[in-house]
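The values are calculated or read from the model by the stated rules, or taken from the named source; none is laboratory data. What you see is a predicted model, and the numbers here were worked out from it, not measured in a lab. Cβ coordinates were reconstructed from backbone atoms using ideal geometry, including for glycine residues, and neighbour counts include every protein chain displayed. With ligands, DNA and RNA removed, areas are computed over all heavy atoms of the protein, side chains included. Shrake-Rupley method; radii C 1.70, N 1.55, O 1.52, S 1.80 Å.
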Amino acid sequence: QVQLIESGGGLVQAGGSLKLSCAASGRTFSDYTMGWFRQAPGSEREFLAAIRWSGGSTFHAPSMEGRFTISRDNAKNTVYLQMNSLKPDDTAVYYCAASALVTLPRYWYDYDYWGQGTQVIVSS
């Protein structure tokens, strides 16, 4: 059974940082792309970043580049999202996802597996 379990969310003041983790289990993900998305109330699910398990190629949404960084630890089967200079607009539920596509997909419907999400609240 595939499981993606996010952690690291919480309450942070504007300007602060958080590092989210996504622990993957249940299958071999070496040929997969891992992605981070977020969804605020009343908004669509928004792509943030993607990374290939094999080779480590990354793509960050242009609006996030410079503040958010995706990385992975193959030995731990864990993907991370480092978030810096957080703003109240970053408040959302953050999701980890896995896609069988090799093209660093940016659309939620290209992802096959999803975690349950972790809440991030940025206070002003």
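Structure summary
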quantity: Number of the exception - residue 59 against (1) buried (at least 17 other Cβ atoms within 10 Å of the Cβ); (2) in contact (Cβ under 8 Å) with a residue 60 or more places away in the chain; (3) hydrophobic (A, V, I, L, M, F, W, C); (4) farther than 12 Å from residue 96 by Cα; calculated: (2)
quantity: Checklist (1) over 16 Å from residue 33 (Cβ atoms); (2) open to solvent by less than 70 Å² (accessible area, probe 1.4 Å) applied to residue 116, failing item; calculated: (2)
quantity: Only listed residue being touching a Gly at 6+ places or on another chain (Cβ under 8 Å), modelled with pLDDT of 95 or more and under 18 Å from residue 123 (Cα atoms), chosen from 86, 4, 48, 11; calculated: 86
quantity: The lone exception for residue 89 - which of (1) in contact (Cβ under 8 Å) with a residue 60 or more places away in the chain; (2) open to solvent by 70 Å² or more (accessible area, probe 1.4 Å) it fails; calculated: (1)
quantity: Restricting segment 36-46 to residues that are in a strand (DSSP E or B) and in contact with a Lys or Arg (Cβ under 9 Å, 6 or more places away or on another chain), the residue that is least open to solvent (accessible area, probe 1.4 Å); calculated: 37
quantity: Test for residue 72: is it free of Cβ contacts under 8 Å to residues at least 60 places away in the same chain, open to solvent by 70 Å² or more (accessible area, probe 1.4 Å) and part of a strand (DSSP E or B); calculated: yes
quantity: Qualifying positions in segment 75-86 - touching a Phe, Trp or Tyr at 6+ places or on another chain (Cβ under 8 Å), on the phi < 0 side of the Ramachandran plot and either surrounded by fewer than 21 Cβ atoms within 10 Å (Cβ to Cβ) or not aliphatic (A, V, I, L, M) (or both); calculated: 82, 84
quantity: Qualifying residue in segment 99-111 (condition: open to solvent by 60 Å² or more (accessible area, probe 1.4 Å), under 23 Å from residue 12 (Cβ atoms), over 10 Å from the mean Cα position of the chain (by Cα) and free of Cβ contacts under 8 Å to residues at least 40 places away in the same chain); calculated: no
quantity: Hits in segment 11-35 - residues which are part of a strand (DSSP E or B) and exposed (fewer than 13 other Cβ atoms within 10 Å of the Cβ); calculated: 11, 13, 25
quantity: Evaluation of residue 119 against (1) assigned to a strand (DSSP E or B); (2) over 16 Å from the mean Cα position of the chain (by Cα) (one fails), failing number; calculated: (2)
quantity: Residue in segment 76-92 that is in contact with a helix residue (DSSP H, G or I) (Cβ under 9 Å, 6 or more places away or on another chain), closer than 11 Å to residue 37 by Cα and not acidic (Asp, Glu) present; calculated: no
